[in-house]
Amino acid sequence: MSQWTLFEVFVRSKHGLNHKHVGSVHAADAQMAIENARDLYTRRNEGVSIWVVPSAEITATATDEKEPLFDPSEDKVYRHASFYELPDEVGHM
Amino acid sequence: MYAQMVETGVKKVKGLDEMSAEERAFQEKIDAEIKIEPKNWMPDAYRKTLIRQISQHAHSEVVGMLPEGNWVTRAPTFKRKLQLMAKIQDEAGHGLYLYSAMETLGADRDEEIEKLHSGRAKYSSIFNYPTLNWADMGAVGWLVDGAAIVNQVVLQRTSYGPYSRAMIRICKEESFHQRQGYEILLHMMQHGNDAQKEMVQDAINRLWWPALMMFGPSDADSPNSAQSMAWKIKRHTNDELRQRFIDQTVPQLEFLGCTAPDPELKWNEERGHYDFGDIQWQEFYDVIAGHGPCNRERVETRRKAIDDGAWVREAAVAHAKKKKQQAAA
């Protein structure tokens, strides 16, 4: 099996929703990865579409980048709707 | 429990003040219920213990298909055969979710499977018992999957992210297993003839104690529990989970109209729990050591499956290579 490739599996659950990462499978090629993913991750109507991507092809953020990358958005409360206080008379907005 | 007696390699659990800065930051995260993810720093012993625990859990799912596979061709109706095959396919799936989670720790799937086949890795003691009559399929689903659920429900909150997510998925699917098992027994008890009812009681008599042993040795004999609990890769002690299982199972047993092979089993009003008799721990240790009724046959069947399937895996690689070359040409 070590000659096989590790693929990450993404499944779209219902029409209109994003594909979501659900796990991984081993396979000889992408077609087989799709077949294995179908058997493994959609036994109970979980999906209408599957993507597989070789795990080695994924570029991810590193853990030590977490603060420089994500902290800057923490102090930008004005990006959220709840930051803006409107009088009740305005009604739902 | 599907993972029993998982060695941590730790003699004494360190206090926060005895830890290095990295270890302390790690432990504080766990104490705050923050999940540990694959790329986060973790102590070597945590990584190794988790690999042992998750691989043992995965091996149990895979070996667990064998006692049920025995009944696919013997299921009494087509409906029961379909249900049994669906359940067995789920067990294969659960093994794969868990092997995937284990691989995120840097373990190699082939190497860990080789450890199972060479007897260096354990799997749950329960799967070393034979399944002798059709009621065993009911009793396995009800008692064995039931015991596994008690364990796995709490492992959904385990500290390692990929393991926890695999558990959440597994638990969602597992309740079908227990219900279909109980329904098999209920059907036999309500519509069966005397011989069929006897089969149910016989299956319960044989599987009751081994199911209780699934939770592992009593707390006094679980030297690894303290560290595993501190790391939250175990969330309750063996005895707590065993008691929880008994308390929820006895009323179901009574509803069936069957009994447990334990004369000391009775409700204790004061404790608010069922009391039960002593477990024969020597039997458990013998089975774990490889001397149960089916140990040799189980591992041999697994090894044969891998060896006999080698040509299929090689052919798949050759086929993939050829298709790639054709696409390039």
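Quick notes
- Here the range A:5-60 is treated as an ellipsoid with the same Cα gyration tensor; its semi-axes, largest first and in whole Å, are 18, 13, 8.
- Relative contact order, percent, the range B:260-329 [alpha-carbon distance under 8 Å, six or more residues apart]: 14 percent
- Surface composition of the range B:76-200: carbon and sulfur make up 56 percent of the accessible area, probe 1.4 Å.
- In the elastic network of chain B, a GNM with C-alpha springs shorter than 10 Å, the most mobile of B:Ala147, B:Ala32, B:Ala58 is B:Ala32.
- A dipole drawn for the range B:12-107 from +1 and -1 charges on Cβ atoms has a positive end, and of B:Thr104, B:Met42, B:Gln56 the residue lying farthest that way is B:Gln56.
- Cross-link pairs beyond the 18 Å C-alpha cut-off, checked among B:Lys35/B:Lys115; A:Lys14/B:Lys79; B:Lys35/B:Lys232; B:Lys12/B:Lys48; A:Lys66/B:Lys35; B:Lys11/B:Lys48: B:Lys35/B:Lys115; A:Lys14/B:Lys79
- FRET efficiency for B:Asp286 and B:Asp307, using Cβ-Cβ distance with R0 set to 25 Å, rounded to 0.05: 0.35
- Based on Cα contacts under 8 Å between residues 6+ apart, chain B shows a relative contact order of 22 percent.
- Per residue of B:107-114, other chain Cβ atoms within 10 Å of the residue Cβ number 2 on average.
- Take the accessible area of B alone and of A alone, subtract that of the pair with a 1.4 Å probe, and the total buried over both chains is about 1700 Å².
- Across all C-alpha atoms in chain B, the radius of gyration and Dmax reach 21.3, 79 Å.
- When the helices of chain B are scored as -39500 (n - 2.57) per DSSP H run of n ≥ 4 and the total is divided over every residue, the value at 222 nm lands at -20000 deg cm²/dmol.
- Computed lengthening from B:Ile168 to B:His187, 0.36 nm per intervening residue step minus Cα-Cα distance: 3.9 nm
- Solvent exposure of the protein assembly as shown amounts to 53 Å² per residue of accessible area, where only protein heavy atoms count and the probe is 1.4 Å.
- Between amide H atoms placed 1.01 Å from N, distances below 5 Å from A:Ser24 occur with A:Val9, all of them 5 or more places distant or on a separate chain.
- Here the sum of -39500 (n - 2.57) over DSSP H runs of 4 or more residues, divided by the residues of chain A, equals -5000 deg cm²/dmol at 222 nm, to the nearest 500.
- Between 0 and 90°, nearest 10: helix A:30-41 axis offset from chain A longest Cα axis: 70 degrees
- Estimated at 0.36 nm per residue, the fully extended path between B:Ala195 and B:Gln89 surpasses their Cα-Cα distance by 35.1 nm.
- Cα pair distances exceeding 16 angstrom across the range B:210-329, given as percent: 75 percent
- Placing unit charges on each Cβ (+1 for Lys and Arg, -1 for Asp and Glu) gives chain B a dipole about its Cα centre, and among B:Gly277, B:Thr131, B:Gln252 the Cα reaching farthest toward its positive end belongs to B:Thr131.
- Summing Cβ point charges (Lys, Arg +1; Asp, Glu -1) relative to the Cα centre of the range A:5-60 gives a dipole of roughly 340 debye.
- Taking all C-alpha pairs of the range A:47-87, those more than 16 Å from each other amount to 66 percent.
- For chain B, with +1 on Lys and Arg beta carbons and -1 on Asp and Glu, the positive-most of B:Gln201, B:Gly290, B:Gly216 along the dipole: B:Gly290
- Protein accessible area in the range A:5-60, 1.4 Å probe - carbon and sulfur %: 51 percent
- In the elastic network of chain A, a GNM with C-alpha springs shorter than 10 Å, the most mobile of A:Ser73, A:Ser55, A:Ser13 is A:Ser73.
- Summarising the label geometry, the points placed 7 Å from Cα in the beta-carbon direction at A:Leu6 and B:Glu111 lie 1.2 nm from one another.
- As a length-normalised measure over Cα pairs under 8 Å and 6 or more apart, the relative contact order of the range A:5-93 settles at 28 percent.
- Positive minus negative residues near B:Pro223 (Lys, Arg vs Asp, Glu; Cβ under 15 Å): 0
- Reciprocal of mean inverse Cα separation for the protein assembly as shown (Kirkwood radius, Å): 24.0 Å
- Inter-site label distance for A:His80 and B:Glu269 at 7 Å from Cα along Cβ, in nm: 5.4 nm
- Charging the Cβ of each Asp and Glu at -1 and of each Lys and Arg at +1, and nothing else, the dipole of the protein assembly as shown about its Cα centre rounds to 1500 debye.
- Accessible carbon and sulfur surface of the range B:210-286 relative to its total accessible area, %, 1.4 Å: 50 percent
- Relative protection proxy for A:19-30, B:270-281, B:60-71, from highest mean packing down: B:60-71, A:19-30, B:270-281 (other beta-carbon atoms within 10 angstrom).
- Hits among aspartates and glutamates - C-alpha to C-alpha of B:Lys323 under 15 Å, sequence gap 8 or more where chains match: A:Asp29, B:Glu314
- Two-site label geometry, A:Phe70 and B:Arg179: point separation in nm, points 7 Å out along Cα→Cβ: 3.6 nm
- Among B:Thr73, B:Thr249, B:Thr104: highest mean-square fluctuation, GNM of chain B, C-alpha pairs under 10 Å: B:Thr73
- Dipole in debye (nearest 20) - chain B, about Cα centre, beta carbon charges: Lys, Arg +1; Asp, Glu -1: 1540 debye
- With 0.36 nm allotted per residue and the present C-alpha distance subtracted, the A:Asp39-A:Asp88 stretch has 12.4 nm of extension available.
The values are calculated or read from the model by the stated rules, or taken from the named source; none is laboratory data. All values derive from a computational prediction rather than experimental measurement. All Cβ positions, glycine included, derive from the backbone under ideal geometry; neighbour counts span all protein chains shown. SASA here: full protein model, heavy atoms, side chains in, ligands and nucleic acids out. Shrake-Rupley method; radii C 1.70, N 1.55, O 1.52, S 1.80 Å.
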